[in-house]
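Trainee: Could you have a look at this structure, given as structure tokens, before my questions?
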Amino acid sequence: MRDSTQEQLHRLRSLRTAAGLTIEELAARSGVSARTIGGIERHTIRRPHPGTLLALGTALGLHGSDAGRLGTADEQVGGVTGLPGVTPHFTGRHADLAWLTARLGHRHAVQLIGLPGVGKTALAVQAATRLADRFPDGVRFLGPVGDATAATIARRLLPAATTASTGSDPQAVGAYRDLVRARRMLVVLDGVRDTRQVGPLLPADAAAVTLVTGGQPLAGLPEADRWLVPPLPAADARAALTAMVHGSGTPAPAVAELAACCAGLPLALRVTANRLLTRPQWSAQWLIDRLTRPDRVLGALVAGDLSVRDAFERAYAGLPSPARRALRLLPRLVGPAPAEAGFLDLAERGWLTAGRDHRYQPHPLVCAFARVAPGT
């Protein structure tokens, strides 16, 4: 049988990171100590007090009974279940949201792909929140999916009272397929790693719509139903960082320079803002000096347990071997990356962007990571 308490604890870190919060920031919002939050996420605290879960859920933007459950599966199908609160200071993304608005009305499955830290989860949550009223049978969120099998995902999304939720793997998958055929709902699966995790859950005649985020394209999903989430344009990155550091006294020119150093990566912007807000003794120029050095930029983009390098390393481990080899070659290349197999793989996942003459330009932070990637 499912251990609903353990499912709640599994959700805490994913909800926190989706909201762009460090453990310390969530502690300040919720009134729960950072030590307790860390213990819950590491599973050293296995039976937290219900009041603790309620305080954490409320601080994460969950509502009603979901706040006390941290968004685990409920007996009801309808309603918004488990969706994190929208990211504070969400900025721009007009083209991305327009694409999602159109596709989520006419496709049974769509996917967001992109560079680690580019904001795939935040975009999915923003779209799901805005479009929730299109789905009379509710919105459900599950993530990060990690290594979960299709049957495990099905069990987590089925109403707990469903007999098949405790049956065999084929029974669970079959019951879930029946559910999405019958219900007009939106299912957000965040951090999917492999087609086999979701392919069996996507019948072509589904009434439900499934929005998947992940680092690689799902085989079998038409190219027209996949969207590569780009870094933020310079103006939006400046606006986002300006909003994040409001009240810190950071001069506008310094904010603009710091935003440029982050190259439009929302995770990098969030970490930079955190460092400015929590370490006022460090000047903006001190941080700029580190962010402008390729050998120091990744070391500077760390705040608590939010780390650009860690996000890249987790994604790098899941790349195909040719793509990993291509990435390690980047520091030795003269000019843009060539249109060859490994580099094409990286471009398909958003690590490189298309340039002139069918060549590819690495993202600046990808170049920095390539210098220290395992195996280099």
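Trainee: Can you tell me which residue within the range 100-123, out of those that are closer than 20 Å to Gly220 by Cβ, open to solvent by 20 Å² or more (accessible area, probe 1.4 Å) and not in a loop (DSSP other than H, G, I, E, B), is modelled with the highest pLDDT?
Mentor: Selected residue: Lys120.
Trainee: Name the single residue that is surrounded by the fewest Cβ atoms within 10 Å (Cβ to Cβ) among those in the range 60-99 being modelled with pLDDT of 80 or more and part of a loop (DSSP other than H, G, I, E, B).
Mentor: By that ranking, first place goes to Gly92.
Trainee: For Thr52, state whether it is in a helix (DSSP H, G or I), modelled with pLDDT of 80 or more, of a type outside the set (D, E, K, R) and open to solvent by 20 Å² or more (accessible area, probe 1.4 Å).
Mentor: So Thr52 fails the test.
Trainee: Another question, if that's okay. Among the residues of the range 254-263, is any open to solvent by 70 Å² or more (accessible area, probe 1.4 Å) and of a type in the set (Val, Ile, Thr)?
Mentor: The answer is no, given that none of the residues of the range 254-263 is open to solvent by 70 Å² or more (accessible area, probe 1.4 Å) and of a type in the set (Val, Ile, Thr).
Trainee: OK, next. In the set Ala303, Ala323, which member is open to solvent by less than 10 Å² (accessible area, probe 1.4 Å) and closer than 25 Å to Gly38 by Cβ?
Mentor: Step by step, each of Ala303, Ala323 is checked, and only Ala303 is open to solvent by less than 10 Å² (accessible area, probe 1.4 Å) and closer than 25 Å to Gly38 by Cβ.
Trainee: So which pairs qualify, if the first residue must be in the range 344-366 and touching a residue at least 40 places away in the same chain (Cβ under 8 Å), the second must be part of a helix (DSSP H, G or I), the Cβ gap must be under 6 Å, and the two must be at least 6 apart or on different chains?
Mentor: Hits for this filter: Trp351/Val366.
Trainee: Can you confirm whether Gly214 is within 18 Å of Gly350 (Cβ to Cβ) and in contact with a Ser or Thr (Cβ under 7 Å, 6 or more places away or on another chain)?
Mentor: For Gly214, the condition - within 18 Å of Gly350 (Cβ to Cβ) and in contact with a Ser or Thr (Cβ under 7 Å, 6 or more places away or on another chain) - is not met.
Trainee: I need the full set of residues from the range 166-225 which are of a type in the set (Ser, Thr, Tyr), under 28 Å from Gly318 (Cα atoms) and touching a residue at least 60 places away in the same chain (Cβ under 8 Å), in order please.
Mentor: Thr210, Thr213, listed by residue number.
Trainee: Which members of the range 208-248 meet the condition of being open to solvent by 60 Å² or more (accessible area, probe 1.4 Å) and within 26 Å of His108 (Cα to Cα)?
Mentor: Ala219, Gly220, Pro222, Glu223, Trp227, Leu228
Trainee: What number of residues in the range 257-297 are farther than 24 Å from Arg371 by Cβ, under 26 Å from the mean Cα position of the chain (by Cα) and among the small types (Gly, Ala, Ser)?
Mentor: 1
Trainee: While we're here: Assess whether Ala128 counts as being farther than 22 Å from Gly214 by Cβ, at pLDDT 90 or above and open to solvent by less than 30 Å² (accessible area, probe 1.4 Å).
Mentor: no
Trainee: Assess whether Gly174 counts as being on the phi > 0 side of the Ramachandran plot and of a type outside the set (Lys, Arg).
Mentor: For Gly174, the condition - on the phi > 0 side of the Ramachandran plot and of a type outside the set (Lys, Arg) - is not met.
Trainee: Confirm whether Arg290 is touching a helix residue (DSSP H, G or I) at 6+ places or on another chain (Cβ under 9 Å) and among the charged types (D, E, K, R).
Mentor: The answer is yes for Arg290.
Trainee: While we're on this one: For the range 144-202, which helices (runs of 4 or more DSSP H) that fit wholly inside it have 3 or more residues that are open to solvent by 50 Å² or more (accessible area, probe 1.4 Å) and either at pLDDT 90 or above or touching a helix residue (DSSP H, G or I) at 6+ places or on another chain (Cβ under 7 Å) (or both)?
Mentor: 169-182
Trainee: While we're here: Test Arg328 against the stated conditions and say whether it is in contact (Cβ under 8 Å) with a residue 40 or more places away in the chain and under 22 Å from Gly214 (Cβ atoms).
Mentor: no
Trainee: Shifting gears a bit: Checking Val308 against (1) within 22 Å of Leu267 (Cα to Cα); (2) surrounded by fewer than 16 Cβ atoms within 10 Å (Cβ to Cβ), which test does it fail?
Mentor: (2)
Trainee: Pairs, please: C-beta under 8 Å, at least 6 apart or cross-chain, first residue under 18 Å from Thr44 (Cβ atoms) and of a type in the set (D, E, K, R) and in the range 10-24, second in a loop (DSSP other than H, G, I, E, B) and at pLDDT below 70?
Mentor: Going by the 8 Å Cβ cut-off, the qualifying pairs are Arg11/Leu70; Arg11/Gly71; Arg11/Thr72.
Trainee: Read through the list (1) under 14 Å from Pro230 (Cβ atoms); (2) small (Gly, Ala, Ser); (3) open to solvent by less than 50 Å² (accessible area, probe 1.4 Å), then give the number of the only condition that Ala354 fails.
Mentor: The one condition Ala354 does not meet is (3).
Trainee: Might you check whether a residue that is in a loop (DSSP other than H, G, I, E, B), in contact with a helix residue (DSSP H, G or I) (Cβ under 6 Å, 6 or more places away or on another chain) and not hydrophobic (A, V, I, L, M, F, W, C) occurs anywhere in the range 250-263?
Mentor: Checked the range 250-263: at least one residue is in a loop (DSSP other than H, G, I, E, B), in contact with a helix residue (DSSP H, G or I) (Cβ under 6 Å, 6 or more places away or on another chain) and not hydrophobic (A, V, I, L, M, F, W, C).
The values are calculated or read from the model by the stated rules, or taken from the named source; none is laboratory data. Keep in mind that this is a model prediction, so the values were computed, not measured. A quick note on method: Cβ atoms are made from the backbone with ideal geometry, for glycine too, and the neighbour counts reach across all protein chains shown. Note: areas computed on protein heavy atoms with side chains; ligands, DNA, RNA excluded. Shrake-Rupley method; radii C 1.70, N 1.55, O 1.52, S 1.80 Å.
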